[in-house]
1. Go through the residues of the range 122-145 one by one and say whether even a single one is at pLDDT 90 or above, surrounded by 20 or more Cβ atoms within 10 Å (Cβ to Cβ) and touching a Ser or Thr at 6+ places or on another chain (Cβ under 9 Å).
2. So, in the range 184-210, exactly how many residues are at pLDDT below 70, charged (D, E, K, R) and not in a loop (DSSP other than H, G, I, E, B)?
3. Given (1) of a type in the set (A, V, I, L, M); (2) part of a loop (DSSP other than H, G, I, E, B); (3) surrounded by 15 or more Cβ atoms within 10 Å (Cβ to Cβ), where does Leu44 come up short, assuming only one miss?
4. What's the total number of residues in the range 147-178 that are open to solvent by less than 30 Å² (accessible area, probe 1.4 Å) and either at pLDDT below 80 or not hydroxyl-bearing (Ser, Thr, Tyr) (or both)?
5. Is one or more of the residues making up the range 86-97 assigned to a strand (DSSP E or B), open to solvent by less than 40 Å² (accessible area, probe 1.4 Å) and at pLDDT 95 or above?
6. For the range 28-68, give me each residue that is small (Gly, Ala, Ser) and under 21 Å from the mean Cα position of the chain (by Cα).
7. Does the range 65-73 include one or more residues that are under 25 Å from Leu155 (Cα atoms) and either touching a strand residue (DSSP E or B) at 6+ places or on another chain (Cβ under 7 Å) or of a type in the set (D, E, K, R) (or both)?
8. Across the range 98-120, which residue is surrounded by the fewest Cβ atoms within 10 Å (Cβ to Cβ) among those that are without any contact (Cβ under 8 Å) to a residue 60 or more places away in the chain and of a type in the set (Gly, Ala, Ser)?
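The values are calculated or read from the model by the stated rules, or taken from the named source; none is laboratory data. As the structure is a computational prediction, the values presented were derived from the model and not from experiment. A quick note on method: Cβ atoms are made from the backbone with ideal geometry, for glycine too, and the neighbour counts reach across all protein chains shown. Heads up: the accessible areas ignore ligands, DNA and RNA and are worked out on the full protein's heavy atoms, side chains in. Shrake-Rupley method; radii C 1.70, N 1.55, O 1.52, S 1.80 Å.
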Amino acid sequence: MKKILSVQELKQSPWPGRFTETFGANLVSAFLYGDCLEEGFSALERPWTVAFILKDASATEVDKLKSWSKKALREGVEFSYVFSSAEILSNLETFPLEFLEMSRRNQVLCGIAPLEGFSPNREALAAQCLREWNAFLFHRRLDAKPNATDYLQELSPLLSGIYYLKCGNYPENRRQVIDAFPEIMTTENPLDSLQNAITKLCACSQLNTNV
């Protein structure tokens, strides 16, 4: 079975109609999200990841996707997150980094744009960015790579959140992040080079865009 190779091809495929038919009025949004929208993504090597927002995300509703899972994977499509509208509202300050990325970097397949107009609580975003950074260091200190570019894909969501804290808007592409944080391209000890920039932005709960 032929894999879907572009966003436009996916939008014009039967999948948006299948999602609408599967969930009916319960569907709020089905959209592409995550690594598949990053620069350098190859649909021949990795799947398109589709996330869903439903009015009711109970197990019964989510299970409706299972009948499509195998067919989707054969075409290079993978189902990732399923949220209810209520779950998003109750977790906006718990996972502001994920919801910021979701609201700014997506491709809608059917329904409405996810979290349109969302602006994260800066204190909550700074706290999560610092947690994510410390977790990254914990897992990577003993597996340090000599070239900072090797970290860019893995760190992309985190660095985009840090960019938002520094500049007040979400980056349009990876080049903007690199330009804002030249430490990323330091060839010696890239993790140490990023440490000061990130902790400086995240340490204070009252951040402003001129830090």
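1. There is at least one residue in the range 122-145 that is at pLDDT 90 or above, surrounded by 20 or more Cβ atoms within 10 Å (Cβ to Cβ) and touching a Ser or Thr at 6+ places or on another chain (Cβ under 9 Å).
2. Count: 0.
3. In the conditions (1) of a type in the set (A, V, I, L, M); (2) part of a loop (DSSP other than H, G, I, E, B); (3) surrounded by 15 or more Cβ atoms within 10 Å (Cβ to Cβ), Leu44 misses (3) alone.
4. Step one: filter the range 147-178 for residues open to solvent by less than 30 Å² (accessible area, probe 1.4 Å), giving 148, 151-152, 155-156, 158-165, 170-171, 177-178.
From what's left, either at pLDDT below 80 or not hydroxyl-bearing (Ser, Thr, Tyr) (or both): 148, 151-152, 155, 158-159, 161-162, 165, 171, 177-178.
Of the residues in that region, 12 qualify.
5. First pass over the range 86-97, keeping only residues assigned to a strand (DSSP E or B): none.
Scanning the range 86-97 turns up no residue that is assigned to a strand (DSSP E or B), open to solvent by less than 40 Å² (accessible area, probe 1.4 Å) and at pLDDT 95 or above.
6. Pass one, the range 28-68, residues small (Gly, Ala, Ser): 29-30, 34, 40, 42-43, 51, 57-59, 67.
Scanning the range 28-68 gives Ser29, Ala30, Gly34, Gly40, Ser42, Ala43, Ala51, Ala57.
7. Initially, the range 65-73 is screened for residues under 25 Å from Leu155 (Cα atoms), giving none.
For the range 65-73, residues under 25 Å from Leu155 (Cα atoms) and either touching a strand residue (DSSP E or B) at 6+ places or on another chain (Cβ under 7 Å) or of a type in the set (D, E, K, R) (or both): absent.
8. As a first pass, look at the range 98-120 and keep what is without any contact (Cβ under 8 Å) to a residue 60 or more places away in the chain: 98-99, 103, 115-120.
Still in the running and of a type in the set (Gly, Ala, Ser): 103, 117, 119.
Details: Ser103: 17, Gly117: 6, Ser119: 12.
Ranking the candidates gives Gly117 first.
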